[in-house]
Amino acid sequence: MKKILLCLVVFLGVFALVGCGKNIAGKYELYEAKSGETVFKADQIKSLGIKYTLDVKSNGKATMDLAGEKMNMTYDDKYFTYKGEKQKYTYKNGKITFAANGVEMTFKKTK
């Protein structure tokens with residue numbers, strides 16, 4: 001009986017982790033931007049006085065602030081959507097990466 005109960009607990013735990021998808025909620029700052037062969041790292045971006053942030057809420061909503069211009073978006077496990085346009089993203093090691101208008105941006109989680 002204990003083995004069955006343990007198996008059930010493990011199964012439900014794994015199901016919950018897989019079923020919930022990735023938890024990307026948090027605050028992010030632009031860590032890197034690539035355009036063609038040109039790469040801007042975080043220190044270069046900050047030295048230009050540019051601040052790009054991404055605030056991802058747990059309710060499927062997000063706000064990107066591009067130097068004062070705020071963009072309200074929604075997201076799911078694969079895409080950010082802004083004004084009906086979807087941008088596929090990846091999430092790995094506390095970083096969100098996606099491309100828009102030929103620029104690949106990577107945001108690093110700060111909180």
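Give the order of LYS111, LYS34 when sorted by the count of other beta carbons within 10 angstrom, beginning with the fewest.
On the way: LYS111 8, LYS34 15.
Starting with the residue having the fewest Cβ neighbours, the order is LYS111, LYS34.
Among ILE50, THR38, GLY60, whose Cα sits farthest toward the positive end of the charge dipole of the range 24-109 (+1 at Cβ of Lys/Arg, -1 at Cβ of Asp/Glu, about the Cα centre)?
Most positive-ward Cα: GLY60.
Using modelled backbone amide H atoms (1.01 Å from N, in-plane), which distant-in-sequence or interchain residues come within less than 5 Å of GLU32's amide H?
THR106
Work out from phi, with θ = phi - 60° and the Karplus expression 6.51 cos²θ - 1.76 cosθ + 1.60, the ³J(HN,Hα) of each residue of the range 30-36, listed in order in whole Hz, and give x for Gly and Pro.
4, 9, 7, 9, 10, 9, x
Rounded to the nearest whole Å³, what is the per residue volume of the convex hull around the Cα atoms of the range 24-109?
Numbers: hull volume 7.9 nm³, N = 86.
With only Cα atoms used, the range 24-109 gives 92 Å³ per residue.
Rounded to the nearest 20 debye, what is the charge dipole size of the range 24-109 about its Cα centre when +1 sits on each Lys and Arg Cβ and -1 on each Asp and Glu Cβ? It would help to have the intermediate numbers written out before the result.
Values: 16 positive and 11 negative charges, 48 e Å.
Computed charge dipole of the range 24-109: roughly 220 debye.
Holding the Cα-Cα limit at 18 Å, pick out from LYS51/LYS78; LYS46/LYS108; LYS57/LYS108; LYS34/LYS95; LYS41/LYS61; LYS34/LYS88 the pairs that are longer than that. Could the numbers behind the result be given before it?
On the way: LYS51/LYS78 25 Å; LYS46/LYS108 14 Å; LYS57/LYS108 15 Å; LYS34/LYS95 15 Å; LYS41/LYS61 27 Å; LYS34/LYS88 16 Å.
Exceeds cut-off: LYS51/LYS78; LYS41/LYS61.
The numbers here are math on the coordinates, done by the rules we state, and not lab data. Since we're looking at a predicted model, the values are computed, not measured. Glycine also receives a Cβ, built like all others from the backbone with ideal geometry; neighbour counts cover every protein chain displayed.
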